[in-house]
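Since the structure comes first, as structure tokens, the remarks are kept for the end.
Derivation of every value follows stated rules applied to the coordinates shown; laboratory data play no part. Model, not experiment: these values are computed from the prediction. No Cβ is skipped: glycine too gets one built from the backbone with ideal geometry, and neighbour counts run over all protein chains shown.
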Amino acid sequence: MDTAELQKIAEHSRSMREIGIGLVIASVILAFFLFIPLTYNKTSPSVVLVATSTVPNAFVPISLEADAAIVYDLATGETIYGKNIDAQLPLASLTKLLTVYAALAELPPNTPVTISRDASQLETPRAFREGQTFSLSDLARLTLTASLNDGAAAIAEATAARGNRSQSETLALAAAALGLSQTYAVNGNGLDVNTALSGGYGSAQDLARLSGALVDLVPEIAAATTLKSAYAVSMGGTAYNVKNTDPIVDEIPHLLLSKTGYTDLAGGNLALVFDVGIQHPIAIVILGSGAKSRFTDGSALVAATFAHFADIATL
């Protein structure tokens, strides 16, 4: 076989090899495109179904007279229900919560507090005489339970004097320490200063947090506000038994704190703290309601709150 024929055979073999390699590559490419869609379909993500509760919202049917209200979970920091929760409104006697908190955050419970002449001459509700002295804790229990203006004024005066500050500065420092950005007070009792200026201002959310903070700080004093009356004896031996200004304290299960407020500028206010479970406190605050409707507003929100947590427990 001559050289030319050998070259032809070699070229033919090389050509066949190239064709074979090409067929293999084509087969691989074809298999790749056939295989990939099947693989993609097998591994594509499944549809996520979001479970939603069919349980009715317990707060939907509620109609409040209040200008602002909140149901605030003190255990989680969650607002369960809210109406104008950040609106800054007159507080009336809910200001006394800030006064008592400021005092007991700074002074020992047995600190003697004397009723001044100015305090004894404030408008009702008041109960004391000028010169009478009480322990701070006893005076705080009587003051919060019966919303006593003379007691609140005396506590604010004593706290300010101890810190060598004005009453408004003392109360502002307490509000700032709790991060209450919408809250400030002109006086310690919450009485209207005039027809245009309230003694204290704050939001429903701020007051919910303040109420919870007071329960944490002095639970025994807060507990006195959940009873129909409070009893204490002055350091001079005079006994006092005062009636609670909240008529619904017996109707609220596991109540931890109750405080009322009412002035011409504020209307009817109410603050409540109660447990819906073991160590699960809830705060309800009503601002700008009526003298009577603050209690119906409060009762409606309490009932809805218990229904809300009962529904959660069954999910």
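Other residues whose C-beta falls under 15 angstrom from the C-beta of residue 65 contribute a net charge of +1, scoring Lys and Arg +1 and Asp and Glu -1.
The protection proxy used here, the mean number of other Cβ atoms lying within 10 Å of each residue, ranks peptides 278-284, 175-181 as follows, highest first: 278-284, 175-181.
Sort 243-253, 222-232 by the packing proxy (mean of other Cβ within 10 Å over each peptide's residues), most packed first. Intermediate results must be reported in sequence, preceding the final value.
Values: 243-253: 16.1, 222-232: 18.8.
Ranking the peptides 243-253, 222-232 by packing returns 222-232, 243-253.
Once you have a ≥ b ≥ c as the square roots of the Cα gyration tensor eigenvalues for segment 150-197, tell me rounded if a/c is under 1.5, and otherwise prolate or oblate according to whether a/b is larger than b/c. Note, shape of segment 150-197 comes out oblate.
Pulled fully out, how much extra length does the chain show between residue 129 and residue 166, if you take 0.36 nm times their separation in residues and subtract their Cα-Cα distance?
11.0 nm is the gain from fully extending residue 129 to residue 166.
By the rule of a C-alpha distance below 12 Å, with chain neighbours fewer than 8 residues away ignored, the aspartates and glutamates paired with residue 96 are 150.
Rounded to the nearest 0.05, the FRET efficiency derived from the C-beta distance between residue 106 and residue 292 at R0 = 45 Å is 0.80. Approximating the spin labels as points 7 Å out from Cα along Cα→Cβ, the residue 116-to-residue 76 distance works out to 4.5 nm.
Relative to the present Cα-Cα distance, how much length would full extension add between residue 177 and residue 63 at 0.36 nm per residue of separation?
Values: separation 114, 0.36 × 114 = 41.04 nm, distance 3.42 nm.
Result for the pair: 37.6 nm of gain on full extension.
Packing around the peptides 258-265, 123-130, 212-219, taken as the average count of other Cβ atoms within 10 Å per residue, puts them in this order, highest first: 258-265, 212-219, 123-130.
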